[in-house]
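To start, the structure under review is shown below, and the notes come after it.
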Amino acid sequence: MINIGAIWMHPQSGQAPSTEAESQLIYGDDLLEEHTLISESALSLKRDLRERTKLAELAERLQKPLIALTDGPIELWGAKGEDARAYAEFVREHLHVLARLQEQEVILAGYVEKPFANLMIRLLELTMAPQPLRREDLLASPLRGVSDRWLFGEPGQPLLRAGERSAVFGLQSASSKNYRGVFSLHFFYLNVGFDQHPWPVRVEVPRWVAEDSRKLDLLHRALVEQCRMMGSRPYPYLLHRAHETARVSAEEKRQIEAWLALELRRHDGEIDDLSHKQSAKQLAGRSRNRSER
Amino acid sequence: MSQPIPIGRLLRAGTTAFVAGCRVNQGALPSFGALLRIPLEESYQVYGLIYDIHIDDDGLVRQLVTAESVAEEIVRDNRERRIVPVEMSVLTVGYEQNGRLYHLLPPRPPLSLDMVYLCTPEEIVRFTERLGYVRLLLQASQIPIGEVIAAHFLQVQAAHPDPQWQERAIHEIITLLRDDYPRLMAVLSALSEAIR
């Protein structure tokens, strides 16, 4: 099952945010790709594409200016090696979604909370290498062990003070080449933490946002405000609530499985029973039935 | 006749007490000491008195309180959208069957998700006309009985047309607690704050 959650708010309106959740049950032939069971990463791609499509749908009915956040990079990740053709199809659909967002002038951003790709460090390594660049210079990592997060958020003397953002850079990677022209991906670092406890995050934006300083400033301000809302552990409040809206709890998962089993039995389907060992493990322990607190 | 006011639904129940839940934003938030009823069937309903109102926190709320300020939108989101109910612990004080009120424990407790209603002034007057339920109140241990009775008195006074009701109720309490002087004094002390 793919469950996605969306939440939107109008800052300074005094109104509670609105939420929407969507569930899609994938079954039968839809679970197969090339006669084999669909992979976990392909399912993740389906979910990510659905999330981004939901943003485009919401953008078409909400007032502007509008900032749209996704958790993680903007580009779609996963399954590239497993099924290149299917991945290419996902990317094509994603570009179509991006076109809808660009048409609406949506300020789209991907929030990468703990970036592990050291893009800035790599850039520094290349600038340190002697010119002209040789193949071995490209493979060398003289700054190995230094991370982008350290560079911008060194405890005690962060390059970015609390609330500050870096310059905007173009994103260079093998997969980002799928996103060209107005969709080409850019990023900046933003310290959403505090002077004593910096927390640099990477924010990805498409070119139509990167080249518009007004949009960048609005996004910068909104992200700082969103993170401040979460107090001592800064993270965009709305992204947290979107996760909460989409989350399927263990109890809900059990209910769904029970409904599916019931429906199958109604149609004379066969259900595999739990092993007796597992069944015994799930017996409730002795507890008092609480009727009052 | 006042309209019935739904305030929430039943979470869990026993014969002597039950717990109901409601969302924080519901207009008619019940108050401590309020008389409630839960209709189970057409001719059967259970009555109870709120003795505790409880609001649980969660991880997000604990984190939000560390922020320098909390925007109105976030307060409303947490009160209106997130599933954190207000819990009301309720002491069972009687039931009604086939039109007759009993100040006894009910034959069957209410069931999960049964709707809970706040009693209207007319229903309060009807239920408190006789004072048999005071015995059930005083039997309850581990609840702030003096405070519950004082809060209940304030609400009954506002609804009751009988000016002698308060005096009758105090006599009933004195009679029932005549062999338990410390408890009697605790209840009368709380009542002295409610009665002017």
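Tabulated values for the structure
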quantity	calculated
Chain B: relative contact order in percent, alpha carbon pairs under 8 Å with at least 6 residues between	27
Semi-axis lengths, Å, region A:28-150, gyration tensor of Cα atoms, sqrt of 5 times eigenvalues	33, 23, 13
q = 0.23, 0.25, 0.26, 0.29 Å⁻¹: log10 I(q)/I(0) that the Debye formula gives for region B:136-196, counting C-alpha atoms only	-0.97, -1.14, -1.21, -1.42
Value of [θ]222 nm, deg cm²/dmol, for chain B, DSSP H segments ≥ 4, -39500 (n - 2.57) each, nearest 500	-10000 deg cm²/dmol
Bins of 10 Å, starting at 0 and running to the largest distance - Cα pair percent for region B:5-194	9, 34, 31, 18, 7, 1
Magnitude of the charge dipole, the protein assembly as shown, Cβ model with Lys/Arg +1 and Asp/Glu -1, debye to 20	680
Least to most buried among A:Trp259, B:Trp165, A:Trp208 (fewest other Cβ within 10 Å first)	A:Trp259, B:Trp165, A:Trp208
Exposure proxy order (Cβ contacts within 10 Å, fewest to most) of B:Tyr133, B:Tyr181	B:Tyr181, B:Tyr133
Kirkwood Rh, Cα atoms: Rg over Rh of the protein assembly as shown	1.11
Options A:Pro198, A:Ser18, A:Val248, ranked by Cα towards positive dipole end of chain A, top entry (Cβ charges)	A:Pro198
Dipole in debye (nearest 20) - chain A, about Cα centre, beta carbon charges: Lys, Arg +1; Asp, Glu -1	940
Relative contact order (%) - chain A, alpha-carbon pairs under 8 angstrom, separation at least six	17
Order of B:Leu111, A:Leu37, B:Leu188 - criterion: other Cβ atoms within 10 Å of each residue's Cβ, fewest first	A:Leu37, B:Leu111, B:Leu188
Per-selection metrics, region A:156-260 (Cα): Rg and Dmax in Å	17.9, 56
Chain A: angle of helix A:213-228 to the longest principal axis, Cα-based, in degrees nearest 10	50
Only Lys, Arg (+1) and Asp, Glu (-1) charged, at Cβ; chain B dipole about Cα centre in debye	360
Residue-averaged 222 nm ellipticity for chain A, from DSSP H runs of 4+ at -39500 (n - 2.57), nearest 500	-12000 deg cm²/dmol
Rounded to 10°, Cα long-axis angle of helix B:145-159 versus longest principal axis of chain B	80
Tail beyond 34 Å, pair distance distribution of chain A (Cα, percent)	35
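Bear in mind that the values in this text are calculations on the coordinates, not laboratory data. Since the structure is predicted, the reported quantities are computational estimates derived from the model, not experimental observations. Backbone-built Cβ (ideal geometry, glycine too); neighbour counts: all protein chains shown.
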